[in-house]
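These notes are about the structure you will find just below.
The values are calculated or read from the model by the stated rules, or taken from the named source; none is laboratory data. This is a predicted model, so every value here is computed, not measured. Virtual Cβ from ideal backbone geometry, glycine too; neighbours counted across all protein chains shown. Heads up: the accessible areas ignore ligands, DNA and RNA and are worked out on the full protein's heavy atoms, side chains in. Shrake-Rupley method; radii C 1.70, N 1.55, O 1.52, S 1.80 Å.
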Amino acid sequence: MTERIVVVGGGVIGLCAAFALERRGCRVTVVTAGEPGEGASAVNAGWIVPSLSEPVPAPGLVRTSLRWMGRSDSPLYIQPRPNPELLRWLVAFWRHCNARAYAAGLAATAELNRRSFALYDELTAAGVRFEQHRTGVLFAYVSPAALEHDLRAMEPLRQFGMDVPSPVWGDDVRELEPALGDAITGGFWFSQERHIRPDTLTAGLVEHLTARGVEIRSRTRVTGFDRVNDRITNVRLERGRLEADAVLIAAGSWTPRVARLAGVRVPIQPGKGYCLDYAPPPFPVRHALYLHEARVAVTPLDGLTRLAGTMEFSGINDRIRPERVAAIARAGATGLRNWPTDLGTARAGSGMRPMTPDGLPVIGPLKGYRNLTVASGHAMLGVTLAPATGEAIAEVITTGRTPDILRPFDPGRF
C-alpha cells in the first residue's frame with residue numbers, strides 16, 4: 001500500500017521533503033497555513049553555501065551579542081519582553097558558545113552538507129525550474145585582522161572536501177569584484193558556492209510536485225492530531241481531517257506550535273531576518289558578497305540585487321522595523337561602490353528563521369511516536385540544507401531507520 005504522508009509546512013524544507021518522499025512512491029499532502037514559500041523561504045539571501053556550515057553559537061559570541069543586543073539597529077537585537085521560554089533558550093544558546101560545541105556542530109553540519117551541490121543538480125535533472133547562479137561567494141572585510149581570523153577558523157572545512165581559499169588584498173579584491181567600495185581592505189572567494197532566487201525554487205518545487213500528484217493545501221491550519229497509542233492516525237484541520245500513515249512537521253518558526261498539538265516540546269525561537277531588494281541595482285554586482293562587519297549578504301539576481309541580514313528576537317510577527325532596514329542600507333553604502341545611503345525605491349521584506357539553542361537543525365523522529373517526525377531549526381542554512389534534509393528525513397519516514405548522518409540532529413537531544 002502506498003504510504004500517505006502529511007507534511008505540515010510549505011517552506012523550502014517541507015517542499016524538498018515532499019519532493020524526496022514523492023520520488024520514493026509516497027502519496028504526499030502538504031499542508032501550509034499560508035501560501036507555499038512565504039516568509040523566510042522567500043526573503044532569504046538564497047545562498048547554497050556548504051562553506052558556512054558552522055553553527056550560530058560560537059566562541060566569543062556572548063561578548064559580542066551582549067554589546068549588540070540592546071541596539072535596535074545592530075546585527076543582533078533582542079526586544080525586551082517578559083518571556084520565560086526565550087530566556088531559557090538564550091541561556092542554552094550562550095552555553096553552546098564554546099569551542100567544543102562549535103567544533104562538533106561544524107562537523108555535523110558539514111557532513112550533512114557534503115551532497116548539497118549534487119542534490120541541487122538532481123533537482124534540476126528532475127525538471128524543477130529555478131534561477132541559479134554559480135559565481136561563488138566573496139567574503140569582504142574592512143578589518144584585515146578579522147579576515148585572517150575567519151580564514152583560520154575555516155581550516156577544519158578541508159577534512160570535508162572543501163577548499164579554503166587564500167586572501168585577496170586591496171585593489172586585487174576590487175578587480176575581482178568592482179562593486180566593492182574603498183573601505184574594503186580584502187577578502188576571500190569561495191568559488192564553488194552558488195546562489196539561487198529563493199522564490200523561484202519554491203515555485204518550481206510546487207509546480208513539479210503538483211504535476212506529479214502531490215496535493216498542496218494552502219491557507220489551511222492544523223488544529224490537532226488523532227493518536228492511537230504511539231501513532232498519529234489523522235491530522236485535524238480547521239475543516240475536516242487527513243488520514244496519515246506518517247506526519248512530518250516542517251513548519252519553520254511555527255514548528256513549536258504545531259508540535260505542541262502533539263504534546264511535544266521543540267525549543268525553536270524565531271529569529272527575524274530582513275532583506276532589501278534593489279531593482280534595478282544602483283551598481284552591477286558580479287558575485288554574492290558577505291560584508292563581514294555589518295553581517296550583511298549581497299545577492300545579485302536577474303534584474304535585482306538583494307541585501308539581507310540581521311537577527312531579531314521579537315517573537316513571531318511581520319513588523320518591519322525601519323531602523324533595521326536602514327542599517328542594512330548603510331551597510332550597502334559602506335561596502336559597495338556608488339550605493340545609496342537611503343532606501344530609495346528598495347523594497348523591504350522580513351521572514352522568521354527557526355533557531356535552536358545549539359544552532360543545529362532538529363531532524364528525525366519525535367519522542368513518544370513511531371510515525372511523527374520533524375525537520376526544522378535550520379537558521380540561516382535552510383536553502384543550503386533543504387535537499388539534504390529532505391532526502392534524509394524521507395529515508396527515516398519510509399524505512400523507519402535513522403541514518404547515522406542525522407544522529408547529531410536528533411530532536412531528543414534537548
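Looking only at residues of region 229-263 that are open to solvent by less than 70 Å² (accessible area, probe 1.4 Å) and over 16 Å from Val374 (Cα atoms), we find that the one that is modelled with the lowest pLDDT is Gly240. Pairing residues of region 367-382 that are charged (D, E, K, R) with residues that are not in a strand (DSSP E or B), at Cβ distances under 6 Å and at least 6 apart in sequence or on separate chains, gives Lys367/Gly412; Arg370/Asp230.
Only one residue in Leu147, Leu123, Leu106 is over 24 Å from Arg265 (Cβ atoms), of a type in the set (A, V, I, L, M, F, W, C), surrounded by 20 or more Cβ atoms within 10 Å (Cβ to Cβ) and touching a strand residue (DSSP E or B) at 6+ places or on another chain (Cβ under 6 Å). Which one?
On the way: Leu123 fails: touching a strand residue (DSSP E or B) at 6+ places or on another chain (Cβ under 6 Å); Leu106 fails: touching a strand residue (DSSP E or B) at 6+ places or on another chain (Cβ under 6 Å).
Going through Leu147, Leu123, Leu106 in turn, just one is over 24 Å from Arg265 (Cβ atoms), of a type in the set (A, V, I, L, M, F, W, C), surrounded by 20 or more Cβ atoms within 10 Å (Cβ to Cβ) and touching a strand residue (DSSP E or B) at 6+ places or on another chain (Cβ under 6 Å): Leu147.
Among the residues making up region 48-61, those that are touching a residue at least 40 places away in the same chain (Cβ under 8 Å) and either in a loop (DSSP other than H, G, I, E, B) or open to solvent by 20 Å² or more (accessible area, probe 1.4 Å) (or both) are Val49, Leu52, Ser53, Glu54, Pro55, Val56, Pro57, Ala58, Pro59. If the condition is being surrounded by fewer than 22 Cβ atoms within 10 Å (Cβ to Cβ) and touching a Gly at 6+ places or on another chain (Cβ under 7 Å), then region 380-401 contributes only Val396. Would you call Leu21 free of Cβ contacts under 8 Å to residues at least 60 places away in the same chain, over 25 Å from Pro300 (Cβ atoms) and out of contact with any Phe, Trp or Tyr (no Cβ under 7 Å at 6 or more places or on another chain)? No, not satisfied.
What strands (runs of 3 or more DSSP E) completely inside region 256-358 contain at least 2 residues that are closer than 28 Å to Val235 by Cα? Explain how you work it out, then say what you get.
Details: elements: 269-278, 288-291, 296-301, 304-313, 347-355.
Answer list for region 256-358: 269-278, 347-355.
Hey, among the residues in region 182-228 that are part of a loop (DSSP other than H, G, I, E, B) and of a type in the set (A, V, I, L, M), which one's surrounded by the most Cβ atoms within 10 Å (Cβ to Cβ)?
At the first step, the residues of region 182-228 found to be part of a loop (DSSP other than H, G, I, E, B) are 182-185, 191-193, 197, 212-214, 218-221.
Pick out the ones that are also of a type in the set (A, V, I, L, M) and you get 183-184, 214.
Values: Ala183: 14, Ile184: 26, Val214: 22.
So the residue we want is Ile184.
Within region 377-385, at least one residue is in a loop (DSSP other than H, G, I, E, B) and modelled with pLDDT of 95 or more. For the structure I just gave you, tell me whether Pro156 is touching a strand residue (DSSP E or B) at 6+ places or on another chain (Cβ under 6 Å), open to solvent by 10 Å² or more (accessible area, probe 1.4 Å), at pLDDT below 95 and over 16 Å from Ala297 (Cα atoms). The answer is no for Pro156. Inclusion of Val164 among residues that are over 27 Å from the mean Cα position of the chain (by Cα), hydrophobic (A, V, I, L, M, F, W, C), open to solvent by less than 40 Å² (accessible area, probe 1.4 Å) and more than 15 Å from Ile48 (Cβ to Cβ) is not warranted.
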